[in-house]
Each structure stands twice: as structure tokens, then as C-alpha cells.
Amino acid sequence: MEEQVIKSKVVGVDISNERTTYAVVDIRGNILSEGTFETNAYPDVNDFVTKLCECLLTMIEENGGYEAIRSIGISCPSVSAQTGCIENAANLPWKGVVPLAAMLRDRLGMAVGLANDARISALGEKAYGSAHGMKNFIVVNIGVGVGSCFFSDGHEHVGAMGFAGEIGHTTVCVGGRKCGCGKQGCLEAYAGAKGIVQTAQELMAESSEPSLMRDIERLTPRLITECCEKGDKLAIEVYRKTGRILGWCLANYASLVNPEAIILAGGISRAGHWLFDPIKEVFEQEVFLNMRGRIKLFRSNLDDHERDVLGASALAWDVPEYSLFK
């Protein structure tokens, strides 16, 4: 009788707006090999897929070849898990509908799973991070964009078309700022990276108060945080306004799904107490009375890229195995 070989490794890929990270991960969650390249260096999606396949093939060959790798899991913004497509991404360089899972499966001859980056973050948190052991929780990614995923009774909710959790494209200001998705007044236009910088610019235009931000040619949320640390009142106000908007939105979210915890991830969450203090203040004021003081609200304790690569690998284990090379 022919001995059946059990494949003990998968590939996890995290496609963010700035860079793409890929890794071979074993069954225990150990990252065995890892690489990265700039996402925005490939404005044509066909060139991006070619680059990614070249990187993956090299890494697969260096880690036992097709005989050792079971499947590939991919994290990417604006994805439908139902179709395996990137659909109308607001912040990626590729527009329209991109059948990324099918493109990679055809070129690599392996099973490919594709999911929204917020869902992948939640999978990573449940398997390896702060949500380990939780059944009801929300993960909110705050970076270039704003997205979320929530688990209910131990299962992630993806929705009928795979787009559940798009909190960044809920309206917080009717007729407000233009969002990258085409709508006006979206949360992302106020709490995403560009929105935070716009808030800073508006505050400086409305006030003659001195600010370290005025001397920075290319303002970023990280630099605004550094100004806060130096006591800059206008910079502190930027995060106070941002945090109040987020606190209000998260209170509404929690009131609907009643989670054990809300875990904030992504680069903006590194703003620390400048952002968290106003979030928590408004959250406790606005959340449903019976939930006040009973929902944990904290930042992820995992490195963002490591968590999302591990989350993508967790997705890969759930993909039905397929290979042209059996």
C-alpha cells in the first residue's frame, strides 16, 4: 500500500497597501522563511501576480517543494471570500474586480484561499494573539484604511457576499469628507491615515496656535504622535477628535453584537493613550447601558505583519487541498 504523505507546511501572504509579506509556516505556527516586496511598485496587477508567484516558487522550492506545502492563504483589503476576488479596492493600485485567487491558483497549481485583511487579522488574533480562547470578539484594523471582523460563538461572520465588517465605510458625517470608496462621510475618511492628516491640516488652518506640526513638510500619523509626546496641543487635539469619532462608532458596533472584547490593530493604534483615552471615554458613554464596563478594549499585542501572515496561514489550513503535482 502506498504511504500517504501528510503535508506539514502552508504559505501565508499579507498584501497591504504598502508592502506584501509572504512566509512558509509550519503546523505549529512557526515562521520558517519570510520575504517582502513593495506592493505599490506593481501598479499593473498582472505584474504584481508575476512577482508574487516568482517569490513564492523560490521560497517553496527552498522549503521542501510542492511535496511539503499544502496550500496558500492570502490576506488582502477589499476582498470577498465568497468570490476570491478583490472588488473595488479603495486604497490598492488595482481597480475594479481582480480574481486574485484564481490567478494564483492557475499559475501555481495549488489551493489558494483569499480573505479580507480584517478577517485575517481576527483569525490571527484568535489562533495566536489576544483573542485566544475568546468566542465573541471584534478586531478593528486602523491604518491606511479602517476594517473589522467579528466572531460570534467562535465563528467569524463574513456575510452573504463576504463583505461583513466594513466599518470604515459606515457614515459618520452626512455629506462629509470624500472617501476613497466614492462615498462621503465614511469613518475611514476621518480615522484612516489620510483622514487623520486632514484633521491636523484643518485644525492648523482654523487656529493660529503654534504647533510643531506646522514645520513638518510631509505629515503622517506617526509624526503627529511624536508631536503629542512633546506636548503639542494641536496634535493632541487631532487624536482627541479622531478618538471620539472612533469611540462613538465602536460603541454602536458593540451594542449590536455584544462582544467580550474589541481589539484594535494596525499602525494608527500605535498612537497609544492619545488615541485610546478619548476612544474609551466616549465608548463607555455611548455603549448600551447593560454593557458598560463589561467589554474589554485594548490594542493587539502582536506585530501587525506577523499576525496577518500567521492569520493567512490559518486560513490556508482551512482551504480544501488541491494540487496539480500530486
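The values are calculated or read from the model by the stated rules, or taken from the named source; none is laboratory data. Note that this is a predicted model, so its numbers are computed, not measured. Neighbour counts run over all protein chains shown; Cβ positions are idealised from the backbone, glycine included. For the accessible areas, the whole protein counts, side chains as well, though only heavy atoms, and no ligand, DNA or RNA atoms are used. Shrake-Rupley method; radii C 1.70, N 1.55, O 1.52, S 1.80 Å.
Sorted on the mean count of surrounding Cβ atoms within 10 Å across their residues, most packed first, peptides 57-68, 269-280, 138-149 read 138-149, 269-280, 57-68. Accessible surface for the range 120-275, divided over its residues, is 45 Å² per residue with a 1.4 Å probe. Using the Cβ-Cβ distance between residue 170 and residue 318 with R0 set to 30 Å, the FRET efficiency works out to roughly 0.60. Computed from the C-beta positions of residue 31 and residue 270, the FRET efficiency with R₀ = 25 Å rounds to 0.70. Taken as Cα centroids, the range 121-140 and the range 282-312 sit 9 Å apart, rounded to the nearest whole angstrom. The range 247-266 and the range 211-240 have their alpha-carbon centroids 27 Å apart.
Cross-link partners for residue 296 among the lysines, with Cα-Cα distance under 26 Å and sequence neighbours closer than 8 places in the same chain left out: 126, 135, 241, 280.
Among the trypsin sites (Lys or Arg not before Pro) within the range 90-160, those in coil by DSSP and having at most 16 neighbouring Cβ atoms inside 10 Å are 95, 135. Applying 0.36 nm per residue to the separation of residue 207 and residue 97 and subtracting their alpha-carbon distance, the gain on full extension is 35.3 nm. Of the complete DSSP H runs in the chain, those spanning 15 angstrom or more by Cα along the long axis with a mean Kyte-Doolittle score not below 0.0 are 45-62, 193-206, 233-257.
Please sort 217-223, 77-83, 46-52 by packing, taking for each peptide the average over its residues of neighbouring beta carbons within 10 angstrom, highest first.
Averaged packing, sorted descending, gives the order 77-83, 46-52, 217-223.
Surface composition of the range 185-250: carbon and sulfur make up 50 percent of the accessible area, probe 1.4 Å. Here the spin labels are modelled as points 7 Å beyond Cα on the Cα-Cβ line, and at residue 38 and residue 163 they lie 3.1 nm apart.
Rounded to the nearest 500, the 222 nm mean residue ellipticity of the chain from helices alone is -11500 deg cm²/dmol, with -39,500 (n - 2.57) taken per DSSP H run of at least 4 residues. Computed on the chain, with alpha-carbon pairs under 8 angstrom and 6+ residues apart, the relative contact order is 21 percent.
Local charge for residue 276 was computed over the other residues whose Cβ lies under 15 Å away, with Lys and Arg +1 and Asp and Glu -1, and equals +3. Between amide H atoms placed 1.01 Å from N, distances below 5 Å from residue 299 occur with 264, all of them 5 or more places distant or on a separate chain.
Could you compute the FRET efficiency for residue 87 and residue 258, with r as their C-beta to C-beta distance and R0 at 45 Å, rounded to 0.05? With R0 = 45 Å, the Cβ-Cβ based efficiency is 0.95. Given that just one value was derived from the coordinates, which of (i) 18.1; (ii) 20.6; (iii) 17.3 is mean projected area of the Cα convex hull in nm²? Among (i) 18.1; (ii) 20.6; (iii) 17.3, the one calculated here is (i).
The modelled label-to-label distance between residue 301 and residue 47, using points 7 Å beyond Cα along the C-beta direction, is 4.3 nm. Counted over the chain, the DSSP beta bridges are approximately 60% antiparallel. Were the residues from residue 55 through residue 152 laid out at 0.36 nm apart, the gain over their Cα-Cα distance would be 31.3 nm.
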